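K.L.:
Below is one structure. I have some questions about it.
The values are calculated or read from the model by the stated rules, or taken from the named source; none is laboratory data. Predicted model only: the values in this text are computed from it and were never measured. Ideal geometry is used to build each Cβ from the backbone, glycine not excepted, and the neighbour counts take in all protein chains shown.
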Amino acid sequence: MDTTTAFGKIVGIIKPFVKNTTAFGTATDGTRIIEDLGVNSARLVDIILAFEDEFGIEVDDESADRVRTLGDAVQMILQKTAPAH
Amino acid sequence: MVGVRLTPAQVLELMPQQRPFRFVDEILDVDGQRITGRYTFREDEWFYAGHFPGRPITPGVILLESMCQVGVVAMGIYLFALERSAEEARAWTTLFVEAESEFLKSVLPGETVTIRGERIFWRRNKLRARIEMFAADGTLVAQTTASGLGVRNG
């Protein structure tokens, strides 16, 4: 999976929880999920569970804690879906 | 596992909500996946005077609170204790974060309701449950899918 595909899927997962639609319309890798998009922090669990379902991965608490921006989510997902060498 | 399996009575004892905002009299059973509780709405509950004067009906928000006290708060206490310890269960409070609900039947003063909750997920201190409330004759009164998030007491 490439970065653009991952970004598109992530944005689709997060969209229902976004409160700041203006920031969402111009979202980039650097956009912060809670602070910029206004996502309720309690919804992060829902988002992580949706990542697991969508991408067929397991996200441990440590990895989840590192995701603050959309770019962080992209990197985590690319890393966890990368074929093993 | 270092946690403990609390009895229904122990779960009830650890609930932080107290009268006049405790809407659980009894936990009948709990196993981490399912829970059943019961409450009788007293004739003199504080909200009947205004909801509605001369025609008391239990407010939907109170029915929702009662469902959440059983299916989210009490279940959350059981899961915190199961995962960690009874002391840890006491050190956290479960705050209400979201719900989608439907109310099908009025509950009048003096009625006893039974509440049944089933866990949807428990992850990172967040509990989501599907909860139903039944009248004494078994009629479905209300249902909700509700979530709570455990926060450490400050």
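K.L.:
Filter segment B:112-134 for residues that are more than 20 Å from B:Gly60 (Cβ to Cβ) and in contact with a helix residue (DSSP H, G or I) (Cβ under 6 Å, 6 or more places away or on another chain) and give the result.
P.N.:
The answer is B:Trp122, B:Arg123, B:Arg124, B:Lys126, B:Leu127.
K.L.:
Which of the residues belonging to segment B:140-154 are under 15 Å from the mean Cα position of the chain (by Cα) and either within 14 Å of chain A (Cβ to nearest Cβ) or not in a strand (DSSP E or B) (or both)?
P.N.:
Within segment B:140-154, B:Thr145, B:Ala146, B:Ser147, B:Gly148, B:Leu149, B:Gly150 qualify.
K.L.:
Moving to a separate point now. Report the residue count in segment A:1-37 for those that are out of contact with any helix residue (DSSP H, G or I) (no Cβ under 7 Å at 6 or more places or on another chain), polar (S, T, N, Q) and not in a loop (DSSP other than H, G, I, E, B).
P.N.:
Counting residues in segment A:1-37 that are out of contact with any helix residue (DSSP H, G or I) (no Cβ under 7 Å at 6 or more places or on another chain), polar (S, T, N, Q) and not in a loop (DSSP other than H, G, I, E, B) gives 4.
K.L.:
Output the number of residues of segment B:1-30 satisfying the condition of being polar (S, T, N, Q), closer than 22 Å to B:Arg42 by Cα and over 11 Å from the mean Cα position of the chain (by Cα). Write out each step before concluding.
P.N.:
Filtering segment B:1-30 down to residues polar (S, T, N, Q) leaves B:7, B:10, B:17-18.
If we keep only those that are closer than 22 Å to B:Arg42 by Cα too, we end up with B:17-18.
Subset that is over 11 Å from the mean Cα position of the chain (by Cα): B:18.
Result for segment B:1-30: 1.
K.L.:
Would you confirm whether any residue within segment A:64-71 is of a type in the set (Ser, Thr, Tyr), modelled with pLDDT of 95 or more and part of a loop (DSSP other than H, G, I, E, B)? Working first, answer last.
P.N.:
Of all residues in segment A:64-71, those of a type in the set (Ser, Thr, Tyr) come to A:69.
Retained after the next criterion (residues that are modelled with pLDDT of 95 or more): A:69.
Filter once more, keeping what is part of a loop (DSSP other than H, G, I, E, B): none.
The answer is no, given that none of the residues of segment A:64-71 is of a type in the set (Ser, Thr, Tyr), modelled with pLDDT of 95 or more and part of a loop (DSSP other than H, G, I, E, B).
K.L.:
Please go through segment B:80-139 and give me each residue that is of a type in the set (A, V, I, L, M, F, W, C), over 20 Å from B:Leu28 (Cα atoms), surrounded by fewer than 20 Cβ atoms within 10 Å (Cβ to Cβ) and in contact (Cβ under 8 Å) with a residue 60 or more places away in the chain, ordered by number.
P.N.:
B:Ala91, B:Trp92, B:Leu108
K.L.:
Also, I was wondering about something else. Take A:Arg43 and decide whether it is of a type outside the set (A, V, I, L, M, F, W, C), within 14 Å of another protein chain (Cβ to nearest Cβ) and in contact with an Asp or Glu (Cβ under 7 Å, 6 or more places away or on another chain).
P.N.:
So A:Arg43 fails the test.
K.L.:
Identify the residue in segment A:46-60 that is within 14 Å of chain B (Cβ to nearest Cβ) and part of a helix (DSSP H, G or I) and, among all such residues, is farthest from A:Gln75 (Cα to Cα).
P.N.:
Residue satisfying both the conditions and the ranking: A:Asp46.
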